[in-house]
Amino acid sequence: MRIAVLGTGVVGTTLGTGLVRSGHEVRLGSRTAGNEKSLAWVAETGEGASEGTFADAAAWAEVIVNATGGLVSLEALTAAGADNLAGKAVLDISNPLDFSAGFPPTVAQPDGRSIAEQLQSAFPTAKVVKTLNTITAALMTHPRSLPGTHSVFVAGDNPEAKELAALLLTGFGWTDDEIIDAGAITAARGLELYLPLWLSLMGTFGTPTFNVSIVRA
């Protein structure tokens, strides 16, 4: 598939590389084409990788991945263009972390809604799926770097978009049993609010390379 990854930080470039390795074409989107991070990623990744603006990447792609910071995600997807998102699955990886008061950050949900819900409301014809926001970037595309079974979540209102997200996750090495359907897009609230616990555990463990496993009766 042609996949636009919006965001040139660690999450965006890690996901972009993983998607190329899974056999997809990936265009890394940023505010301006040809920025230093985008060009470096294309040069390192090679065939299957390209870069452009948010709008250019979104127009070209069949699937959109929002890997921008949660506090600027609405701005970034607005720049990508509503018409370029219409009818497409939009995988939201973001977390609305507010560092204005220092560390640890707070989760900014001022109206009680997640970033994923805000994006779905702003772009009603897009098919927003929240996923991968509960783990560090390296584990997103290399889940087998941890021993045993552990969990990744999908949440959204469109079943087909969630199935597509699950397909991309299995391409990274996640198993069907590890992919947990958390429910409708409203479930993204809880997925984002998990971050304070995740940050606390990271401090306790001294590493971001960990995850949780859902055990059901």
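The values are calculated or read from the model by the stated rules, or taken from the named source; none is laboratory data. On a predicted model such as this, the values are computed, not experimentally measured, just so you know. No Cβ is skipped: glycine too gets one built from the backbone with ideal geometry, and neighbour counts run over all protein chains shown.
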Are any residues in the stretch 1-42 outside any loop (DSSP other than H, G, I, E, B), aliphatic (A, V, I, L, M) and out of contact with any Asp or Glu (no Cβ under 6 Å at 6 or more places or on another chain), and if so, which ones? 3, 4, 5, 6, 10, 11, 15, 19, 20, 26, 39, 40
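Tell me the residue from 202, 140 that is surrounded by 15 or more Cβ atoms within 10 Å (Cβ to Cβ), in a helix (DSSP H, G or I) and more than 16 Å from the chain's Cα centre (by Cα), please. Even if it seems obvious, please write down each step before you answer.
On the way: 140 fails: more than 16 Å from the chain's Cα centre (by Cα).
Going through 202, 140 in turn, the sole match is 202.
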In this structure, does residue 143 turn out to be under 20 Å from residue 187 (Cα atoms) and out of contact with any His (no Cβ under 6 Å at 6 or more places or on another chain)? no
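Considering each of 175, 125 in turn, give the residue that is of a type in the set (Ser, Thr, Tyr), at negative phi and either in contact with a helix residue (DSSP H, G or I) (Cβ under 8 Å, 6 or more places away or on another chain) or buried (at least 18 other Cβ atoms within 10 Å of the Cβ) (or both). Spell out the reasoning first.
Working: 175 fails: either in contact with a helix residue (DSSP H, G or I) (Cβ under 8 Å, 6 or more places away or on another chain) or buried (at least 18 other Cβ atoms within 10 Å of the Cβ) (or both).
Within the list 175, 125, the selection yields 125.
Tell me, yes or no, whether the stretch 125-137 has at least one residue that is modelled with pLDDT of 95 or more, part of a helix (DSSP H, G or I) and closer than 22 Å to residue 75 by Cα. Walk me through how you get there before you give the answer.
From the stretch 125-137, those modelled with pLDDT of 95 or more are 125-137; that's our starting set.
With part of a helix (DSSP H, G or I) added as a condition, the list becomes 137.
Those still in the list that are closer than 22 Å to residue 75 by Cα too: none.
Among the residues of the stretch 125-137, not one is modelled with pLDDT of 95 or more, part of a helix (DSSP H, G or I) and closer than 22 Å to residue 75 by Cα, which makes the answer no.
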When every residue in the stretch 1-50 that is at positive phi and free of Cβ contacts under 8 Å to residues at least 40 places away in the same chain is compared, the one surrounded by the fewest Cβ atoms within 10 Å (Cβ to Cβ) is 46
Which residues, counting only those in the stretch 70-94, are part of a helix (DSSP H, G or I), small (Gly, Ala, Ser) and either surrounded by fewer than 15 Cβ atoms within 10 Å (Cβ to Cβ) or over 14 Å from the mean Cα position of the chain (by Cα) (or both)? 79, 80, 82
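Would it be correct to say that residue 67 is in contact with a Phe, Trp or Tyr (Cβ under 8 Å, 6 or more places away or on another chain) and within 16 Å of residue 117 (Cα to Cα)? Steps first, please.
Values: in contact with a Phe, Trp or Tyr (Cβ under 8 Å, 6 or more places away or on another chain): no; within 16 Å of residue 117 (Cα to Cα): yes.
Criteria not met by residue 67.
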Those residues that are part of a loop (DSSP other than H, G, I, E, B), under 22 Å from residue 183 (Cα atoms) and either modelled with pLDDT of 95 or more or not small (Gly, Ala, Ser) (or both), I need them from the stretch 95-109; list them, please. 95, 96, 109
